[in-house]
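S.K.: Provided herewith is a single structure, encoded as structure tokens, for subsequent inquiry.
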Amino acid sequence: MRILFLGTRHNSLSQRLQVELEERGHEIVVAEVSGGEAMEAAAQAANPALIVAPMLKRAIPDSVWKRWTCLIVHPGIPGDRGPSAIDWAILDGAAEWGVTVLEARAELDGGPVWAHAAFPMRGVGKSTLYRRETTQAAFDAVLRAVERFERGGKPARLAADLRRGSERPSCRQADRRFDWKEPTARILACIRSGDSAPGTLARVAGESFHVFGAHEEGLLRGVPGALLAQRDGAVCIATGDGAVWLTHLRRKDGIKLPSVQVLGDRVQALPESVLAPQDAPERATWQEIRYRECGHFGLLHFDFLNGAMNTQHCERLLAAYRYARGRPTRAVVLCGGGDFWSNGIDLNAIEAADDPGEESWRNILAMNALVREIATTGNKLVFSVLQGNAGAGGVTLALAADRVYARAGVVLNPHYKRMGGLYGSEFWTYLIPRRVGEATARHLTDSLQPLGTGRAARIGLIDAAFEGDEVVERVLRIVGPELAGHRYRAALALKARQREQDELAKPLDRYAEEELAEMRRNFFGADRSYHEARRRFVWKRCEAPVCDVQETKALA
Ligand code: COA
């Protein structure tokens with residue numbers, strides 16, 4: 001069936017639905033639209049069997065919904081209406097939330113319900129809930145709605161007691177406002193309801209900022225509102241009954257950056273609360289890079305906001321990886337973060353630098369050093385386990401490992417060019433073809449299409465994907481037997497032979513030299529496309545044209 005996606009942005013949820021519906025044989029046409037006229041034009045051009053709106057901030061015009069069935073994905077429970085569904089669910093402390101797929105009508109979110117799915121709430125930020133629970137529930141509900149539509153069915157008959165939601169207004173800063181004297185739980189809810197957009201306004205060090213990335217601290221205490229400590233770019237601030245870490249701040253009209261960088265001189269004397277990756281505190285706290293051991297495995301978790309890895313992140317992760325590599329274990333498991341695996345170099349940090357070209361260069365060299373260290377690890381097996389989405393150099397980072405596993409439903413964007421024709425590095429010209437061959441590598445990096453885990457496993461980009469949230473545990477169980485005596489030694493010997501052969505065919509450093517020659521042109525050359533695209537991305541400026549209809553092409 002030809003399905004048109006109408007959306008304000010083809011974001012991670014929309015991409016997930018695209019890859020899952022394509023997986024089931026549907027043809028998806030994606031239109032990023034900003035208004036009614038563009039929606040009408042896109043619908044006329046595609047003439048679809050069905051329209052799905054995975055993330056649409058505008059109403060669909062009558063001319064469209066009267067002619068085509070339009071299914072709207074609303075991130076709320078049946079009966080809920082309004083633009084701030086998850087914000088209110090967090091602020092209200094809802095125990096359960098959900099997604100409703102309803103048919104477009106003149107009344108926003110007021111049409112008949114085709115399907116809905118529920119999930120238990122978790123104490124995390126809005127965007128994390130959106131990327132995990134909401135996306136999974138949207139996938140379940142949309143799939144059922146599309147199947148029902150295909151069978152010629154009608155909207156579901158909903159029992160009245162299922163319509164527990166109600167119409168809510170747009171959530172404003174006044175609704176998220178808090179005082180540092182209040183309890184931590186309430187402050188976390190206020191900050192998390194605005195995370196990642198629009199952010200919650202709060203006073204820090206005497207100035208008003210949008211604050212992000214709030215995590216509970218179980219030990220440090222002080223006068224509410226006082227800054228207590230800093231760690232890896234975050235600051236800890238006292239609350240009425242405890243303290244919270246804030247990883248990022250944004251000035252009005254500014255971009256989201258690590259708190260310490262934004263506060264500058266004001267935190268110079270703030271004490272460092274050092275926590276090494278291998279430290280395992282028993283209290284609640286914030287630890288961006290964590291190293292834990294479990295039998296023969298060393299597990300390295302790295303949870304960088306938005307999966308963006310700035311130069312310091314790469315250097316810290318490299319140090320943690322070297323530590324893991326030096327431990328008497330047999331395997332390192334790279335676990336990434338629960339939200340994102342990695343999205344490559346940090347475009348915000350680069351944008352904020354005095355010389356973005358130079359900072360891009362430093363960042364990519366730091367990323368390459370990390371990838372090189374992983375790809376040349378000879379004394380252990382290395383496994384990547386993608387629990388969250390990955391993009392650009394973040395995908396390549398995963399491929400540096402010997403084996404790559406993922407949570408089913410993760411979306412990969414293994415391409416760089418969307419960022420103003422960025423060539424990309426991280427040894428991708430070696431690591432991607434090594435897994436899928438030259439032709440498929442070219443297709444992946446040129447087509448700019450998102451890739452689902454099903455297709456990624458079929459073409460060999462990853463080894464396997466597993467359903468459910470316990471994917472790290474699952475991988476440990478599956479690969480555990482390979483770490484026993486002779487099997488382990490044989491696997492290491494095979495890996496060494498392969499690396500040797502590959503090095504003879506073309507030295508690893510030559511790949512990097514060739515890629516970096518291209519990157520030098522992107523960063524320092526006369527063509528400023530990368531810098532312009534990065535600026536648009538970081539400052540969230542829409543790219544023209546407004547109505548961009550993309551035909552998607554299946555790969556395998
Ligand atoms: N640097 C800085 N921020 C990044 C980032 C990066 N490399 N990649 C993603 N982000 C941020 C976005 O700005 C957004 O921030 P916000 O929530 O604070 O507004 C957040 O991560 C989520 O990104 P978004 O684009 O909304 O997610 P998505 O799932 O819809 O799209 C990607 C995923 C990977 C396609 C998209 O984020 C992207 O193109 N990222 C850039 C990748 C890149 O070019 N990296 C550099 C080369 S290695």
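S.K.: Using a 10 Å cut-off on Cβ atoms, rank the peptides 3-9, 493-499, 88-94 from the highest mean neighbour count down.
M.R.: Result, highest mean first: 3-9, 88-94, 493-499.
S.K.: Once every DSSP H run of n ≥ 4 in the chain is given -39500 (n - 2.57) and the sum is divided by its residues, what mean residue ellipticity at 222 nm do you get, rounded to the nearest 500 deg cm²/dmol?
M.R.: Estimated from H runs of four or more residues: -11000 deg cm²/dmol.
S.K.: What number, in percent, do you get for the relative contact order of the stretch 2-158 if the mean sequence gap of Cα pairs under 8 Å and at least 6 apart is divided by its residue count?
M.R.: Averaging sequence separation for qualifying contacts and normalising by length gives 20 percent for the stretch 2-158.
S.K.: OK, next. Taking the alpha-carbon distance from residue 495 and a cut-off under 26 Å, which lysines remain once sequence neighbours fewer than 8 residues away in the same chain are dropped?
M.R.: 380, 506
S.K.: Then there is this: Take the Cα of residue 186, step 7 Å along the line toward its Cβ, and report every residue of the stretch 244-260 whose backbone nitrogen sits under 18 Å from that point.
M.R.: 244
S.K.: Additional query: How much of the accessible area of the stretch 434-517, probe 1.4 Å, is carbon plus sulfur, in whole percent?
M.R.: 52
S.K.: What part of the accessible area of the stretch 185-288, given as a whole %, is carbon or sulfur when the probe is 1.4 angstrom?
M.R.: 51
S.K.: Give me the percent of Cα-Cα pairs in the stretch 2-158 that sit more than 24 Å apart, rounded to a whole number.
M.R.: Counting every Cα pair in the stretch 2-158, those more than 24 Å apart make up 27 percent.
S.K.: Tell me whether the stretch 465-530 comes out rounded, prolate or oblate; compute the Cα gyration tensor, take square roots of the eigenvalues as a ≥ b ≥ c, and use a/c under 1.5 as the rounded threshold. Could the numbers behind the result be given before it?
M.R.: Details: a/c = 6.17, a/b = 1.67, b/c = 3.69.
Note, shape of the stretch 465-530 comes out oblate.
S.K.: Quick one: work out Rg over Rh on the C-alpha atoms of the stretch 173-267, Rh as Kirkwood radius.
M.R.: Ratio of gyration radius to Kirkwood radius for the stretch 173-267: 0.92.
S.K.: Relative contact order for the chain: what percent, with Cα pairs under 8 Å and sequence separation of 6 or more? Don't jump to the answer; show the numbers that get you there.
M.R.: On the way: 1131 pairs, mean separation 59.1, N = 556.
Reported as a whole number, the value is 11 percent.
S.K.: How much space per residue, in cubic angstrom, does the convex hull of the C-alpha atoms of the stretch 200-254 take up?
M.R.: Dividing the Cα hull volume of the stretch 200-254 by its residue count gives 74 Å³.
S.K.: Hey, what did the stretch 136-202 get for relative contact order, percent, Cα under 8 Å, at least 6 apart?
M.R.: The normalised contact order for the stretch 136-202 reaches 23 percent.
S.K.: So with the 1.4 Å probe, I'd like the accessible area per residue for the chain, rounded to whole Å².
M.R.: 42
S.K.: How much of the DSSP beta bridge set in the chain is antiparallel, as a percent to the nearest 5?
M.R.: 55
S.K.: Would you mind telling me the share, in percent, of accessible area of the stretch 2-158 contributed by carbon and sulfur at probe 1.4 angstrom?
M.R.: 47
S.K.: Suppose every Lys and Arg Cβ carries +1 and every Asp and Glu Cβ carries -1, with no other charges. What dipole size does the chain come out with about its Cα centre, to the nearest 20 debye?
M.R.: In debye, rounded to 20, the chain gives about 620.
S.K.: Residue by residue through the stretch 261-275, which ³J(HN,Hα) values in whole Hz follow from phi under the Karplus form 6.51 cos²θ - 1.76 cosθ + 1.60 (θ = phi - 60°), with glycine and proline marked x?
M.R.: 5, 5, 7, x, 4, 5, 10, 4, 8, 5, x, 7, 10, 6, 9
S.K.: Magnitude of the Cβ-charge dipole of the stretch 173-267, K/R +1 and D/E -1, about the Cα centre, nearest 20 debye?
M.R.: Values: 13 positive and 11 negative charges, 35 e Å.
Here the stretch 173-267 has a charge dipole of around 160 debye.
S.K.: Taking the Cα centre of each part, how many Å lie between the stretch 280-318 and the stretch 351-366?
M.R.: The stretch 280-318 and the stretch 351-366 have Cα centres spaced 23 Å from each other.
S.K.: Okay, moving on. Beyond 43 Å, what percent of the Cα pairs of the chain remain?
M.R.: 19
S.K.: Now for a different question. Peptides 193-203, 339-349: what's the order by average Cβ count within 10 Å, highest mean first?
M.R.: Peptide ranking by packing, descending: 339-349, 193-203.
S.K.: Kindly provide the pair-distance distribution of the stretch 289-525 built from C-alpha pairs, with 5 Å bins from 0 and whole-percent values in order of increasing distance.
M.R.: Histogram of Cα-Cα distances, whole percents per bin: 1, 7, 14, 20, 20, 18, 12, 5, 2, 0, 0.
S.K.: By a straight-distance test (C-alpha under 18 Å), which lysines pair with residue 126 as possible cross-link partners, with residues fewer than eight away in the same chain excluded?
M.R.: 57, 256
The values are calculated or read from the model by the stated rules, or taken from the named source; none is laboratory data. Keep in mind that what you see is a predicted model, and the values were worked out from it rather than measured. All Cβ positions, glycine included, derive from the backbone under ideal geometry; neighbour counts span all protein chains shown. With ligands, DNA and RNA removed, areas are computed over all heavy atoms of the protein, side chains included. Shrake-Rupley method; radii C 1.70, N 1.55, O 1.52, S 1.80 Å.
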